[in-house]
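Notes follow once the structure below has been shown.
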Amino acid sequence: MMIQDIAPHKFNVTYVNCQPEDEDFIILMREGSILVRMDEDRVEYPRWADAKAILAAELESCDARYLFEIEGAGRFFYVWKGMSDDIIEILINNGYRLITQRDVQNHPPRWAAFAGTTACHFAKWYEENRFCGKCGGPMTCDDVERMVYCEKCKIPVYPRINPVVIVGLTDGDRILLVKYAGGDYHRYCLVAGFMEAGESMEDAVKREVFEETGLHVKNIRYYKSQPWSMSGSMILGVYCDLDGSDEVTLNDGELAVAEWFNREDVPYGDEGISVTAELMNGFIEGKEK
C-alpha cells in the first residue's frame with residue numbers, strides 16, 4: 001500500500017470556507033517541521049480545543065485556513081498567520097514537539113501520516129505565496145476556492161503540483177536501479193525526474209532515462225499515480241523496456257550509481273509507501289508485464 005491508501009478513511013480535498021471547531025485538527029509548522037504529540041509510536045495532531053486551552057488569548061490573532069477532511073477521522077486546518085515562535089514554544093512546553101515531514105510519514109496511523117505530509121504541501125504553498133510575485137503586495141485568501149490573489153494586480157495563485165515520472169526500466173529479467181548523488185536518500189531506487197512544460201509523459205520518460213543513463217526505452221506502460229507531498233509532486237509510475245544497448249553512461253551528474261539487477265537480486269523497495277517501492281516489488285513478483 002502507498003501512503004495515500006488510507007481505507008476505510010477517505011481523503012476529501014474539496015475546499016470549504018469555514019472556521020475550525022473544537023474537534024478539528026490544526027497544523028502548526030516551523031521551518032519545515034510540524035508540531036505533533038507522540039503517543040508511543042503514533043502521531044497525534046493538536047485539536048482546536050487543545051490549542052484554545054493552552055494558548056487562550058494568543059490564538060485570537062491567528063488565522064486558520066481549512067485544508068481538507070479525512071472522512072472518519074476529522075477536518076484539518078493550517079494556522080498560516082499569527083503563529084509566532086513564542087506561541088509554538090508554549091505548545092512545546094505543553095507536551096508537543098516538532099518533527100520533520102519525512103518523520104511524519106513513517107509513523108502510524110497511516111491516515112495521520114498521509115494527512116500530515118499533505119498538510120505540509122499546502123502549508124509550504126501558503127508560506128511561499130504571502131506576497132504577490134509581480135508587485136510585492138500582500139496576497140489575500142479567496143473565500144470561495146483554495147486560492148490566494150493580489151487585490152492590486154488581480155493575479156490568482158493556486159496550489160502548485162509538479163508532475164514527476166518514476167521509471168521501472170526493464171530488460172527481460174533485469175531492472176535498472178540507481179542511487180542519486182545528492183540529497184539524504186542513498187538507497188537503491190529508480191530513474192526519476194520532473195516533466196518539462198510542453199512534454200508528454202512518454203517524452204519525459206525517454207528524456208530522463210537518456211539524460212541520466214544514456215539508455216533508450218520503448219513500450220512505455222503506465223502503472224499508477226501518487227501524490228507525493230515531500231516534493232509537492234504528482235508522481236506517474238511507469239514500466240518500460242530497454243531499446244538497444246544496455247551500456248550505462250552517467251551523463252548529467254545526478255546519479256552516483258546505475259546498475260542492472262537480476263530479478264532474484266533486487267532489494268525490496270523500502271518503506272512500502274511509495275510508487276517507487278511498488279514498482280520495484282512488482283518487478284520482483286513478475287507483475288511488470
Residues of segment 79-95 being outside any helix (DSSP H, G or I), surrounded by fewer than 19 Cβ atoms within 10 Å (Cβ to Cβ) and out of contact with any Lys or Arg (no Cβ under 8 Å at 6 or more places or on another chain), which ones?
LYS81, GLY82, SER84, ASN93, ASN94
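If you take the residues of segment 177-232 that are more than 23 Å from PRO159 (Cα to Cα), assigned to a strand (DSSP E or B) and of a type in the set (Phe, Trp, Tyr), which of them is most open to solvent (accessible area, probe 1.4 Å)?
The qualifying residue most open to solvent (accessible area, probe 1.4 Å) is TYR222.
Between ASP243, ASP265, which is touching a His at 6+ places or on another chain (Cβ under 6 Å), open to solvent by 60 Å² or more (accessible area, probe 1.4 Å) and either at positive phi or not hydroxyl-bearing (Ser, Thr, Tyr) (or both)?
Values: ASP265 fails: touching a His at 6+ places or on another chain (Cβ under 6 Å).
One residue alone meets the criteria, ASP243.
One line per residue, one yes/no per condition, for (1) under 22 Å from TYR149 (Cα atoms); (2) open to solvent by 30 Å² or more (accessible area, probe 1.4 Å); (3) touching a residue at least 24 places away in the same chain (Cβ under 8 Å); (4) not aliphatic (A, V, I, L, M):
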| residue | (1), (2), (3), (4) |
| --- | --- |
| GLU71 | no, yes, yes, yes |
| PHE77 | yes, no, yes, yes |
| ARG97 | no, yes, yes, yes |
| THR100 | no, yes, yes, yes |
| ASN106 | no, yes, yes, yes |
| HIS121 | yes, yes, yes, yes |
| GLU128 | yes, yes, no, yes |
| LYS134 | yes, yes, no, yes |
Which residue is nearest to ASP86 (Cα to Cα), if the candidates are limited to segment 34-51 and must be in contact with an Asp or Glu (Cβ under 8 Å, 6 or more places away or on another chain) and crowded, with 17+ Cβ neighbours inside 10 Å?
VAL36
Test VAL144 against the criterion of being of a type in the set (A, V, I, L, M), over 22 Å from VAL217 (Cβ atoms) and surrounded by fewer than 16 Cβ atoms within 10 Å (Cβ to Cβ), and give yes or no.
yes
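The values are calculated or read from the model by the stated rules, or taken from the named source; none is laboratory data. Keep in mind the model is a prediction, meaning the values are calculated, not measured. Here Cβ is always computed from backbone atoms with ideal geometry, including for glycine, and neighbour counts include all displayed protein chains. For accessibility, only protein heavy atoms count, side chains too; no ligands or nucleic acids. Shrake-Rupley method; radii C 1.70, N 1.55, O 1.52, S 1.80 Å.
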